[in-house]
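Novice: Just passing along the structure, written as structure tokens.
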Amino acid sequence: MTTESPAVDICYLEAWLESFISTYNQSANKQLLAKICVGINAIIQHDDFDQIADRHCSYHKMKNFWQWRYQLAE
């Protein structure tokens with residue numbers, strides 16, 4: 001018997017991402033960069049991503065930016 005974990009509302013993922021970016025702006029480190037990248041990927045892969053279609057391009061640009069920052073971090 002398997003159980004699926006409940007789906008997280010995309011609004012919560014966005015709030016989670018916002019908090020990590022805010023924390024990163026105060027105290028930059030590679031671990032937070034990794035969490036930001038995971039958060040963006042979770043939003044892009046979410047079943048409800050189409051509901052925020054007006055922000056698709058922004059999320060893909062953010063993904064590229066934060067992955068670039070992660071690669072530059074020591």
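The values are calculated or read from the model by the stated rules, or taken from the named source; none is laboratory data. Every value quoted in this text rests on a predicted model; they were computed, and no experiment measured them. Cβ sites come from the backbone with ideal geometry, for glycine too, and all protein chains shown count toward neighbours. These area figures cover heavy atoms from the full protein model, side chains too; ligands, DNA and RNA do not enter into them. Shrake-Rupley method; radii C 1.70, N 1.55, O 1.52, S 1.80 Å.
Novice: What about ASP47, is it more than 13 Å from the chain's Cα centre (by Cα), surrounded by fewer than 11 Cβ atoms within 10 Å (Cβ to Cβ) and in a loop (DSSP other than H, G, I, E, B)?
Specialist: Against the criterion (more than 13 Å from the chain's Cα centre (by Cα), surrounded by fewer than 11 Cβ atoms within 10 Å (Cβ to Cβ) and in a loop (DSSP other than H, G, I, E, B)), ASP47 qualifies.
Novice: Does the range 2-11 contain any residue that is open to solvent by less than 70 Å² (accessible area, probe 1.4 Å) and touching an Asp or Glu at 6+ places or on another chain (Cβ under 7 Å)?
Specialist: Checked against the condition, which is being open to solvent by less than 70 Å² (accessible area, probe 1.4 Å) and touching an Asp or Glu at 6+ places or on another chain (Cβ under 7 Å), the range 2-11 yields at least one hit.
Novice: To continue, here is another question. Checking ARG69 against (1) touching a residue at least 12 places away in the same chain (Cβ under 8 Å); (2) of a type in the set (D, E, K, R); (3) loosely packed, with under 14 Cβ neighbours inside 10 Å, which single condition isn't satisfied?
Specialist: Unmet condition: (3).
Novice: Of the conditions (1) open to solvent by 40 Å² or more (accessible area, probe 1.4 Å); (2) modelled with pLDDT under 95, VAL38 clears all except one; give me its number.
Specialist: Failed condition: (2).
Novice: List, please: which pairs have Cβ atoms under 7 Å, are six or more places apart or on different chains, and start with a residue in the range 35-56 that is charged (D, E, K, R) and end with one that is open to solvent by 50 Å² or more (accessible area, probe 1.4 Å)?
Specialist: ASP47/ALA7
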